[in-house]
Amino acid sequence: MKKNLLKVIAAMVITGLITTFSGCSSEQASTSSGDKEIKIGTFGPYTGDAATDGIQSRDGATLAVEQINKKGGVIGKQIKLVTMDDQAKAPESMNVVQKLIQQEKVTALVSGSYSTPSKTVSPVVQQAKVPMVVAYAVNPDITQGGKFVFRAIYAGPAQGAAMAEYVVKEKKLKKVAILNVNNDYGNTNADGFTSQAKKLGGEIVISRNFVDGTKDFKALLTTVKEKNPQAIYVGSYYNEASQICVQARQLGISVPIFGDDGFDSPKFLELGGKSVEGVQFTTPFFREEPRPIVQEFIKAYKEKFNKEPDMLSAQSYDSVLVLADAIKRANSTDKEAIRKALSATKGFEGVTGKFSFDDKNEVIKPVIITKVENGKFTYVKSQEYK
C-alpha cells in the first residue's frame with residue numbers, strides 16, 4: 001500500500017516537474033521569440049477614396065523594413081511592420097492606433113495618414129509615450145501633442161511660405177489667387193502661403209476653399225478669372241488639383257499654377273495630361289537627384305511594386321529608416337531611449353535629403369520645387385526654409 005502510494009506521489013512530482021519545466025520552456029521560447037523582433041506600427045488609408053496615397057505610403061515603409069531585415073535588422077533583431085487601415089478618418093485612426101499600442105504593443109509608430117487623423121491620435125501617442133514619426137501630414141498642431149511625436153516632413157506653413165518666396169519674390173508674381181481644400185492640410189498650406197506673400201508685398205486677389213472630393217470647379221474658376229490674377233496657388237491633393245488645372249485651361253486661364261506636395265503623384269500627370277504642363281509645386285522628393293540612396297530606392301521600389309514611387313512612398317521609407325537609426329543609436333527598444341535618440345538626430349541621410357529634428361521635433365531639410373515638363377517631374381530648385 002505504502003509502495004503504491006509512494007509511486008503515485010513520485011509520478012505526481014515528476015509530472016508536476018515536467019509540466020512546470022514545459023511551462024517555463026514555453027514562456028522562455030515566447031520571450032525569446034519576442035526578443036528577436038521589434039514591432040513598428042503604421043497606419044493609413046488603405047481603402048476608400050484616399051487608398052492610393054495610403055498604399056504608396058505603406059509600400060515605402062514595407063520596402064524599408066525589408067531592406068533593414070536583409071541587412072541583419074537592428075540591434076540583432078528583425079523589424080516586424082504591423083499595418084492597419086484608418087480610411088483617412090479620424091475616429092478610425094484613433095481605433096487602430098489604440099490597437100497598435102495596446103494589443104500589438106508596438107515599440108514605435110509611423111503615421112502614414114493625413115493631417116486630421118494624425119492630429120487626432122497625437123495626444124494618445126504622447127500619453128502612451130510611444131515614439132511616432134509622422135511621414136507626410138503637415139498640420140502644425142500634430143507635433144504640439146508632446147515630445148514623443150516627430151515629423152519627417154516640413155509643416156504646412158513652412159511649405160506654403162517657401163512657395164510664396166518663390167512665386168512673389170523670385171518670379172515677381174504679386175497678384176495671386178488661392179484655392180485650397182477645406183481641411184487641416186489645405187488650410188495650413190494656404191495660410192503659410194498667404195502670410196508670407198503679404199509680408200513680401202504680394203496681394204491675394206481672391207481666396208476660396210472647397211470640399212474634399214469636389215469635381216466641378218468651373219464656377220469657382222470663373223470667379224478667379226474675373227479677378228485677373230498673375231498666378232494661382234492651390235493647396236490640395238492630386239485629384240482635385242489636376243481637375244483645377246484641366247478646368248482652368250478649358251476656361252482660358254493661362255496664368256502659372258503653383259501647388260504643394262499633394263500634387264506629387266504619378267496620378268497628377270495621368271489625370272491632368274497636357275493641362276498640368278508647367279505646373280510647379282513644393283515637395284521633399286527629387287527623383288533625379290544623383291545621390292545613390294535616391295536612385296537605389298527608386299530602382300528597388302519599381303522592382304518590388306512594379307510602379308513609380310511618389311513623395312508619400314519616399315517619406316514613409318525615410319520615416320522607418322530614421323526610426324531604425326534611432327533604435328540603433330539608443331541600442332535599446334526602450335521607448336524613452338528611442339525618443340531621446342530621435343531628438344538627437346542630426347544630418348541623417350534619407351531619400352528626401354539630409355535632415356535633423358529641431359527642439360520642437362520638426363524636421364529641418366530643404367524644400368524642393370518641382371516642375372511638370374514634357375509630362376515628367378523635373379527639378380527646379382532647392383531652398384532652405386524653416
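The values are calculated or read from the model by the stated rules, or taken from the named source; none is laboratory data. Predicted model, so just to flag it, every value in this text is computed and none were measured. All Cβ positions, even for glycine, are placed from backbone atoms using ideal geometry, and neighbour counts span all protein chains on display. Only protein heavy atoms, including side chains, enter the accessible area calculation; ligands, DNA and RNA are left aside. Shrake-Rupley method; radii C 1.70, N 1.55, O 1.52, S 1.80 Å.
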5 angstrom amide H check on K365, placed H, neighbours 5+ away: none
Of all accessible surface on the chain at a 1.4 Å probe, what whole percent is carbon and sulfur? 52
Here FRET efficiency (C-beta to C-beta, Q295 to N228, R₀ 45 Å, nearest 0.05) is 0.55
Mean accessible area per residue over the chain (1.4 angstrom probe, all protein chains present, square angstrom) is 44
For K169, the aspartates and glutamates lying under 14 Å Cα to Cα, once residues fewer than eight places off in the same chain are dropped, come out as E203
In Hz, Karplus ³J(HN,Hα) per residue of the stretch 292-297 (6.51, -1.76, 1.60; θ = phi - 60°; x = Gly, Pro): x, 4, 5, 5, 5, 4
If you consider only alpha-carbon coordinates, what radius of gyration and Dmax does the chain have, in Å? 25.0, 109
Highest GNM mean-square fluctuation, the chain, Cα pairs closer than 10 Å: which of S265, S122, S207? S207
Treat the stretch 240-386 as a sphere of radius equal to its Kirkwood radius over Cα pairs and apply Stokes-Einstein at 20 °C in a medium of 1.002 mPa s; give the translational diffusion coefficient in µm²/s, rounded to a whole number. 127
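Kindly flag which residue pairs out of K70/K371; K89/K129; K80/K307; K354/K376; K70/K381 have an alpha-carbon separation exceeding 31 Å in this structure.
Over 31 Å apart, Cα to Cα: K70/K371; K70/K381.
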Stokes-Einstein D in µm²/s, Kirkwood radius over Cα pairs - the stretch 86-169 at 20 °C with 1.002 mPa s viscosity: 162
Over the residues of the stretch 218-314, compute the C-alpha Rg and express it relative to 2.2 N^0.38 Å. 1.24
Once amide H atoms are built 1.01 Å from N in the peptide plane, which residues 5 or more positions from V279, or in another chain, come under 5 Å H to H? V372
The chain, Gaussian network, Cα under 10 Å: of A164, A344, A326, the residue fluctuating most is A344
Residue-by-residue Karplus 3J(HN,Hα) for the stretch 219-233, coefficients 6.51, -1.76, 1.60, Hz, glycine and proline x: 5, 5, 5, 5, 5, 4, 4, 5, 7, 6, x, 8, 7, 10, 10
In whole Hz, with x marking every Gly and Pro, tabulate ³J(HN,Hα) for the stretch 151-165 from phi via Karplus 6.51 cos²θ - 1.76 cosθ + 1.60, θ = phi - 60°. 10, 8, 10, 5, 5, x, x, 5, 5, x, 5, 4, 5, 4, 4
Work out Dmax and Rg for the stretch 102-248 from the C-alpha atoms and quote the Rg first, both in angstrom. 17.5, 56
Amide H proximity to G350 below 5 Å, modelled H, separation 5+ or other chain, gives F355
Take the chain, connect every pair of alpha-carbon atoms lying under 10 Å apart with a spring to form a Gaussian network, then pick out the residue of P292, P157, P266 with the largest mean-square fluctuation. P292
Please go through the residue pairs K174/K225; K39/K119; K119/K304; K171/K225 and name each one whose alpha carbons sit more than 25 Å apart in this structure. K119/K304
